[in-house]
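Comments concern the structure below.
The values are calculated or read from the model by the stated rules, or taken from the named source; none is laboratory data. Model, not experiment: these values are computed from the prediction. Every residue, glycine as well, gets a Cβ built from its backbone with ideal geometry; the counts of neighbours run over all protein chains shown. Accessible surface is based on the protein model in full, side chains and every heavy atom, while ligands, DNA and RNA are left aside. Shrake-Rupley method; radii C 1.70, N 1.55, O 1.52, S 1.80 Å.
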Amino acid sequence: MAEEGLEGVVQRITFHNPENDYTVARVQTEEDTDVTTVVGNLPGLTEGEQVSLTGNWAEHPRYGRQFKATGFHMVTPTSVQGIRKFLASGAIRGVGPEMAKRLTGVFGEETLDIIDKDPDRLLEIPGIGKKKKEDIVKSWRRKADVRDLLVFLHTHGISGGHAGRIHARFASQSIRVIQQNPYVLADEVWGIGFLTADRMARKLGVDPESPDRIASGLRYTLRQAVDQGHVWLPREELTQCAAESLAIELVQVEQILETLPVGGEVVIEDDRVYLSAWYRAEVSVAKRLLDLAGRRCVLDGQNVDVAIEAVESRRHIVFDERQKEAVKKAVGGGLFVLTGGPGTGKTTITQAIIDVLESMGKRVLLAAPTGRASKKLSEVTGRTASTIHRLLEYNAQSQLFGRNEARPLVMEFVIIDEQSMVDLMLMDCLLRAIPAGGSLILVGDSDQLPSVGAGNVLADILASGRVRSVKLEHIFRQMEQSMIVLNAHRINNGEYPRLGERPEEFAFVEAEDAGDVPDLIQGLCKTRLPAHFGLDPVDDIQVLSPMYRGPAGVRRLNEVLQQALNPEGVALTVGGQRFRQGDKVMQIRNNYDKEVFNGDLGRIIGTDEGAGVVHVSFDTGIVSYRAEELDELVLAYAATIHKAQGSEYRAVVIPLVTQHYIMLQRNLLYTAITRARELVVLVGSKRAIGIAVRNDRAPRRYSFLGERLRG
């Protein structure tokens, strides 16, 4: 069938899937007073644009006559009315309906030519100064660049959803850079993996055995390892994994690996292969920790005892010898680690340490890895606490920390809470900002899961034996009555939790079949728990699952809970995920520009379907996301247990079924339970609980920090 043509103005984009650029648009043609529905893979189509489409007419059984487009290109509008409509659509940043009217009122049909070829004349328009003119021209040229890039990507079978990030990195050189070496996309553009870059390279005719492809495959394998928590990989494991992924001979991979250290991309030390940034961080952290561990403050022991007695008197408590030992070691300066499980008094001793230090005239700063953890630290201590990033004065524009060796923190002691969440790279940045003579106190639970980011910093420090530390193990009498505390310690000791004794604190809902779990959890969150305990189903209840996929996994649970708890309202669908106003969402990568970080929870307070923008309220403020940035957000009615570290909720619902077998581990269940303040509900099978309790073999993380500390 011969293709037909259709030309008109895009009135509205009713649907766009960034994964494949499938678009449904309403187009107004000059000949037809009716608006035509156009469907097809149309990357970068914008409302207000005049387009020329090719394709064929078809009759849809439900939606009627449609034009199925196979290709299109933008037609620059030539009439004053067309130009005004195009500019008023918001296609050019800085130009709205009023400014579009002014521009076309002065320049008429020459408006777009003037923006493109003689932009200084824009200064003739009231309301346009030098900066606004530059913004308009920059946006106009970026639009042209991105349109060319979208067409290029689409031609080579790649989604246009990444075009914005590619252009942000390479600007007008984007197409040239990709043509020269498509693997730079995997190395330098977040969100584009090696497999996507490799697919494009194949379409561009790159040799499967080219050194560029093998080198990129090795870096990709190392980055995957970092994403899984490893700081390095053994040489043999790295080359075998890369060879399998690339489907080439092992000897070719080994040859290219030897060339990578020359370019500074990786470091090979003995049998260990690192991405260079992680090698530098590990060496730096070990050196700085040892330096800190060797420092001491000269304090009068009698004065410390008096200060501790004053704290006991003011807070109406009596410390045991272990707790007094912790306070004395902490205020002794250098590096100290305080650990302990729930109910052992970590918070009380942290407060005592702060009281003693302040009574002796020491300046103390408090911080934690996440906004929620820092907020909790502030609430329990009554002092100002911040995130580590804010403490170190992270600058989003320069992407650097303002506090470092050259400009250290102004303090004598820094206390970091939830230390188990701190990965190697963040630890390095923190240590660089500790001044000469400064001291560091780390507080955490060594039995919880390690950090989401690479490394096993807290466990490595404790295992080294080179750092002064105290582990609190005695449970406070008032906490002995808590079923959450009791069962957390039982699980940590390899004992089966007590079920059914006080279901108002620790409940169990039996479900042998994983397929039954979503409906049970929906009923708990929507009806039963709010009715019995007065809990808000979104703000107070958090579902924590061991796995992301599967019938009782995070993805399926979020679908069910969104439909049950927030079924109506304006929605924006991106990449197959629907976001609605009122939805609970989570940030899944560190975004320093927006100052939101992996694991931060927020609520959607507004969606602009036309502009493709979602506005989210976090603890730290309101953040806006464009459509191409929404892959940083996921629904968070349910989350993985790993993502809940450092957070606390009134109630936690935990699905545990034997289908989760691969993830059923003691420290995972322990971490999930200790996120709850008032109520834990386990939903699943007793057999699955038993598997988790018995399995104390945490997956190994490749880290050499402990060995470096031991020297």
Residue by residue through region 535-550, note down the ones that are modelled with pLDDT under 90 and open to solvent by 60 Å² or more (accessible area, probe 1.4 Å). Y548, R549
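Test E282 against the stated conditions and say whether it is open to solvent by 30 Å² or more (accessible area, probe 1.4 Å) and not hydrophobic (A, V, I, L, M, F, W, C). Let's see the steps before the verdict.
Numbers: open to solvent by 30 Å² or more (accessible area, probe 1.4 Å): no; not hydrophobic (A, V, I, L, M, F, W, C): yes.
Answer is no for this residue.
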Selection from region 553-600 of residues at pLDDT below 90, part of a loop (DSSP other than H, G, I, E, B) and buried (at least 24 other Cβ atoms within 10 Å of the Cβ) yields G599, D600
Only listed residue being of a type outside the set (A, V, I, L, M), in contact with an Asp or Glu (Cβ under 9 Å, 6 or more places away or on another chain) and in contact (Cβ under 8 Å) with a residue 12 or more places away in the chain, chosen from F336, F319: F319
Flagged in region 400-420 as of a type in the set (G, A, S) and either in a loop (DSSP other than H, G, I, E, B) or surrounded by fewer than 21 Cβ atoms within 10 Å (Cβ to Cβ) (or both), in numbering order, are G402, A406
Please work out which one of (1) hydrophobic (A, V, I, L, M, F, W, C); (2) closer than 29 Å to R165 by Cβ; (3) open to solvent by 20 Å² or more (accessible area, probe 1.4 Å) is the condition L233 fails and give its number. (3)
Among the numbered criteria (1) at pLDDT 95 or above; (2) open to solvent by 60 Å² or more (accessible area, probe 1.4 Å), which one does R202 miss? (1)
Can you tell me which residues in region 124-134 are in a helix (DSSP H, G or I) and surrounded by 16 or more Cβ atoms within 10 Å (Cβ to Cβ)? K132, K133
Selection from region 366-399 of residues within 30 Å of A310 (Cβ to Cβ), assigned to a strand (DSSP E or B) and either modelled with pLDDT under 90 or in contact with a Lys or Arg (Cβ under 9 Å, 6 or more places away or on another chain) (or both) yields L366, A367, A368, A385
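The rows are residues; the columns are (1) over 23 Å from the mean Cα position of the chain (by Cα); (2) modelled with pLDDT of 90 or more; (3) not acidic (D, E).
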residue	(1), (2), (3)
T607	no, no, yes
V614	no, no, yes
L635	no, yes, yes
T640	no, yes, yes
I654	no, yes, yes
G684	yes, yes, yes
R697	yes, no, yes
R708	yes, yes, yes
Report every pair of residues separated by at least 6 positions or lying on different chains whose Cβ atoms are under 7 Å apart, first residue within region 283-301 and of a type in the set (V, I, T), second at pLDDT below 95. none
Subset of region 320-340 [open to solvent by 10 Å² or more (accessible area, probe 1.4 Å) and not in a helix (DSSP H, G or I)]: D320, G332
Report yes if some residue within region 289-297 is modelled with pLDDT of 95 or more, under 16 Å from A454 (Cα atoms) and in contact with a Leu (Cβ under 9 Å, 6 or more places away or on another chain); otherwise report no. no
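Taking the condition of being in a strand (DSSP E or B) and buried (at least 21 other Cβ atoms within 10 Å of the Cβ), how many residues in region 624-633 meet it? Spell out how you get there, then give the answer.
If we filter region 624-633 for residues that are in a strand (DSSP E or B), which is where we start, we get 624-626, 633.
Then drop every residue that is not buried (at least 21 other Cβ atoms within 10 Å of the Cβ), which leaves 625, 633.
So the count comes out to 2.
Find the residue count for region 195-226, including only residues that are on the phi < 0 side of the Ramachandran plot, without any contact (Cβ under 8 Å) to a residue 40 or more places away in the chain and not hydroxyl-bearing (S, T, Y). Walk me through how you get there before you give the answer.
Residues of region 195-226 that are on the phi < 0 side of the Ramachandran plot, as a first pass: 195-204, 206-226.
When the remaining residues are screened for being without any contact (Cβ under 8 Å) to a residue 40 or more places away in the chain, the result is 195-198, 201-202, 206-207, 210, 212-213, 216-217, 220-221, 224.
After this cut, where a residue has to be not hydroxyl-bearing (S, T, Y) as well, the list is 195, 197-198, 201-202, 206-207, 212-213, 217, 224.
Total meeting the criteria: 11.
Go through T350, T344 for me and flag whichever is in contact (Cβ under 8 Å) with a residue 60 or more places away in the chain and either among the aromatic types (F, W, Y) or part of a helix (DSSP H, G or I) (or both).
Numbers: T344 fails: either among the aromatic types (F, W, Y) or part of a helix (DSSP H, G or I) (or both).
Matching residue, one of T350, T344: T350.
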State the number of residues belonging to region 147-156 that are open to solvent by less than 20 Å² (accessible area, probe 1.4 Å) and either touching a Gly at 6+ places or on another chain (Cβ under 7 Å) or within 13 Å of V95 (Cα to Cα) (or both). 2
Looking at region 38-58, which of its residues are charged (D, E, K, R) and more than 16 Å from R142 (Cβ to Cβ)? E47
